[in-house]
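The structure appears below as structure tokens.
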Amino acid sequence: SEFLSARDLTLVVHGLARHRAPVQQVSSKDLAKVPLTSWPFEEYLSRRIREFSPQGLAMALHASIKLRRGGAELFESFASRLRLRRKELQPPGLALVFSSAAEAVPSLGME
């Protein structure tokens, strides 16, 4: 992952999130607690957070929520960067941010 650009890393993580392939079989009750990938991509995303475009930030945020990786810390760091660059965000990216925020509420304990 050190050889991937921020853009390529975003596309890989987003593609993985779209496929949502679980790493192990668990009951549907426990599935909400289990990350859907064993790859700790949040470390790579955090290292390159300044390189992401607003759209890339939105895609990476969405992927981290879909794959249940990163937790509240990653969500907050990406949300903070998005607030700084909100005027550059295009409508599709904004839709991903809203979708991510809505989906994050139960998984991050914000109920």
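The values are calculated or read from the model by the stated rules, or taken from the named source; none is laboratory data. Treat the numbers as computed from the prediction; the structure is a model and nothing was measured. Every residue, glycine as well, gets a Cβ built from its backbone with ideal geometry; the counts of neighbours run over all protein chains shown. Side chains are part of the model used for accessible areas, which takes the heavy atoms of the whole protein and leaves out ligands, DNA and RNA. Shrake-Rupley method; radii C 1.70, N 1.55, O 1.52, S 1.80 Å.
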Residue hits (the range 55-111; part of a helix (DSSP H, G or I), open to solvent by 30 Å² or more (accessible area, probe 1.4 Å) and free of Cβ contacts under 8 Å to residues at least 24 places away in the same chain) are 73, 76, 80, 83, 84, 87, 91, 95, 98, 101, 102, 105
Scanning the range 1-53 for residues that are polar (S, T, N, Q), modelled with pLDDT under 70 and exposed (fewer than 12 other Cβ atoms within 10 Å of the Cβ) gives 24, 25, 27, 28
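For (1) in contact with a Phe, Trp or Tyr (Cβ under 7 Å, 6 or more places away or on another chain); (2) of a type outside the set (D, E, K, R); (3) over 17 Å from residue 9 (Cα atoms), each residue gets a yes or a no:
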residue	(1), (2), (3)
39	no, yes, no
47	no, no, no
53	no, yes, no
60	yes, yes, no
63	no, yes, no
67	no, yes, no
88	no, no, yes
95	no, yes, yes
103	no, no, yes
